[in-house]
Amino acid sequence: MSVKSLYQVYNVAVGTSKVVKESLNVVTANCSVLQAIRGNDQLYTEAKIVSEKARASATNREYSQANVDSMAHHADQHGDREVDIFKLAKAKSSHARSQAKHDTHSSKHEQKHQHHQKRGFHTSVRRLDEEKKQPGKEEVIGSKVQPAVKLTQAAVPSSRLGRLFHYGTLAASVGAHVLQDSATHYIKHGKVPEMKSVLLSPRNIELMARKFSQMRGAALKVGQMLSFQDNSVLPPDIQQILLRVQNSAHYMPADQLEKTISFELGESWRQRLFASFDDIPIAAASIGQVHTAVTRKELDQVVVKIQYPGVADSIDSDLDNILTLLTSTKMLPPGMFLEKSIANARVELKWECDYIREASNTVRYKEMLSDEPAFAVPKVYHDLSDEHVLTMERMKGIEIVKGDWSQEVKNKISAEIMRLTLMEIYKFKFMQTDPNWANFLYNEKTGRVELLDFGACRDFDESFTKPYSNCLRAAVKQDRAMAKKYSIELGFLTGLESEAMTNAHVDSIMVLGEPFREATPSGLYDFEHQTITDRVRTNIRLMLNERLTPPPEETYSLHRKLSGAYLLCARMKAEIPSKKIFEDVIGLEYE
């Protein structure tokens, strides 16, 4: 019988329930990732255990089986049902209508005033000074702007059961492909292929990228966070998935968008709050999507950031499922301390889903940079915002990596962002930690770098920033002994590492300090021709294999931002006075 005939027989057999059942047994016996998620009960049990371990580790407490049992008991008691936000939206809208009819003895003027008032709960956490309306708007109010990126619609699964179904169908589809490819390979070559090769086949990579993009939330955010890792840290196949996920763009269908905003801003939100609102977003990311609009009251051009339904409530279960999938493959190096990374992602994702916190961060950042003419931060419209909707001033700049700038302008942008990053570490002790270049715009008319997206902001305690700044100073001075001392104080090293591990770590610190140490005769550092990444890469594998302790929790986000600044300067082919910037902002004297 030919290979083609055998393949046709195989496809027919797969369609029968008996073969599907036996196939599942074969695959789960040989593929740990499928074995780990086989059956909802086992999935939930393992996920809850992993979740409890991660939470215990993140809060420095002991693992508690009682917490796992308690979660399981709660699920049994409540049938593992969760609140349907659209039912809540309906109830909220009904309440709003009742309120509109209240107080029939009020005057017409008073009733109209009440109708246009937003419900009492919004993002305003402190009173801001009234800002005068800016005269002379150059763009036509309400004009439509075509998005630069072609986006596509895809509904966001908003319930826990719905999201679990997507993870389950992903595993089932991958499993079917694994079995099919294994059978084909065996027929052709007479031996069973390596599980890694069939698990990460091109079509499985395509399938995972497409599914993670549709899921949004934790699935998409973890992919974006990990995609900033160096290629030598993650296997190329994993990198391929993450890059596909990072570049994906989907937005909510119109009906889901309408229900989501109505839940937050109340019924008839378009007529009450906006003179115009563009239904097609200008951007779609992991947590939400961004629309352009014009306010009804001030006729200001704004952007409205709308969070995907169910994303905030699904963070824990999504991350538990992702952790189970990633650990089951055993493809990531142990030195990455994946559970620690997921625990950090858990905290940051919850921060980013809190638009009240983001509104407060934006106001705080605007105040911090009030004396910095090189930067601009958008105004927040608190009365048009809520827990999952955030309305801000629309900035007029262009993404820094998309503008057709002269090299002089590229150098200026790169220098300012490098200076801002160092100020965040040392002066402000408060950082916007998302290195996404789309968060930085340049306005050629004002000469300012415009900053966006403050959901991932975090504070740093002086007990961390002081030794960290000293460690940077040691790198600039090429003081290996002090670099080791402050690395132990920070928790990068325990002091018990092998000599090879210690030397590799200190070598990497020395290399990372190079831009702040060396300069051309003109005082500039040439990022275009630097070899920092290549030299750090030579030590990564050794450090991942011999690392005894995870890096300090603060450095997960800080190093993403610092690496982002380095990569931006390289992308812009910048030559900047980074040595002088470091000396001006941080200085060379140990504290």
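Read the figures in this text as sums done on the coordinates, not as results from a lab. Everything numeric in this text was worked out from a predicted model, so none of it was measured. Cβ placement follows ideal geometry from the backbone for every residue including glycine, while neighbour counts extend to all protein chains displayed.
Of note:
- Hydrodynamic radius (Kirkwood) for segment 397-591, which is based on Cα pairs only, to one decimal in Å: 17.4
- M423, M572 arranged by Cβ crowding within 10 Å, fewest neighbours leading: M423, M572
- Net length gained if the chain between T184 and K573 were fully extended (0.36 nm per residue, minus Cα distance): 135.2 nm
- At an R0 of 22 angstrom, the distance between the Cβ atoms of A374 and K429 translates into a FRET efficiency of 0.65.
- The modelled label-to-label distance between S406 and L299, using points 7 Å beyond Cα along the C-beta direction, is 3.7 nm.
- Sorted by Cβ neighbour density within 10 Å, fewest at the top, the residues K305, K297, K466: K297, K466, K305
- Cα-centred dipole magnitude for segment 397-591, charges only on beta-carbon of K, R (+1) and D, E (-1), debye, nearest 20: 180
- Charge tally for W437 (other residues, Cβ to Cβ under 13 Å; Lys, Arg +1; Asp, Glu -1): +1.
- Measuring against 20 Å, Cα to Cα, the residue pairs K402/K579; K412/K573; K379/K412 contain K402/K579; K379/K412 as the ones spanning a longer distance.
- Sorting M418, M482, M392 by the number of Cβ atoms found within 10 Å of their own Cβ, with the fewest placed first, yields M482, M392, M418.
- Dipole orientation for segment 397-591: of the candidates N411, I509, Y442, N411 has the Cα lying most toward the positive pole (charges on Cβ; Lys, Arg +1; Asp, Glu -1).
- Estimated from the Cβ-Cβ distance and a Förster radius of 41 angstrom, the FRET efficiency linking K396 and E583 is about 0.75.
- Coil-residue GluC sites (Glu not before Pro) of segment 477-526, DSSP, other Cβ within 10 Å capped at 16: E518
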